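Just so it is clear, none of the values below were taken in a lab; they were calculated from the coordinates. Please read all numbers here as calculations on a predicted model, not as lab measurements. Cβ sites come from the backbone with ideal geometry, for glycine too, and all protein chains shown count toward neighbours.
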Amino acid sequence: MLRHFVAILFCLMPALGVAQQARENGAAELRWLDRTTGALQNIVVAQEAPVKLGPLEIHVNSCRSPLGDVSPDAFAFVQITDWRRDETLFEGWMVASSPALNALEHPRYDVWVLRCKTL
């Protein structure tokens, strides 16, 4: 029993304390799609400067990218509301390399993060 515990502990040790360092950027570049009209637009949303597209108001609270050239990935904490209804449609982290992992679920609009930007 103790051997199993020690074996599991040694297997987990490399994962402990291994965290990728990231830098905070001032804005995120997002892609917005209106599925009804086919309109596609890239937008840059600065922190503390929400953008309105149709009925959507998009806030970027944080955009982080890994330090170094390890990965071109971006992680953005985004809040999307329907400003007409004052209803939150999405709030959470979006990952550029996996847009379907955590995305806005809306019958008409798609929004996903492309990259972080420094303003």
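In a DSSP loop and with at most 10 other Cβ atoms within 10 Å, the trypsin sites (Lys or Arg not before Pro) in segment 30-119 are 84, 85. Here, P(r) means the percent of Cα pairs in each 10 Å bin from 0 to the largest distance; for segment 20-117 it is 17, 51, 26, 5, 0.
With a 10 Å Cβ neighbour count serving as the proxy for reagent exposure, in which order, fewest first, do 80, 43, 58 appear?
Details: 80 24, 43 15, 58 21.
Ranking 80, 43, 58 by Cβ neighbours within 10 Å, fewest first, gives 43, 58, 80.
The ranking of 104, 67, 33 from fewest to most other beta carbons within 10 Å of each one's beta carbon is 67, 33, 104. List the relative contact order of segment 20-117 as a percent without decimals, with contacts defined as Cα pairs under 8 Å and 6+ residues apart. The value is 31 percent.
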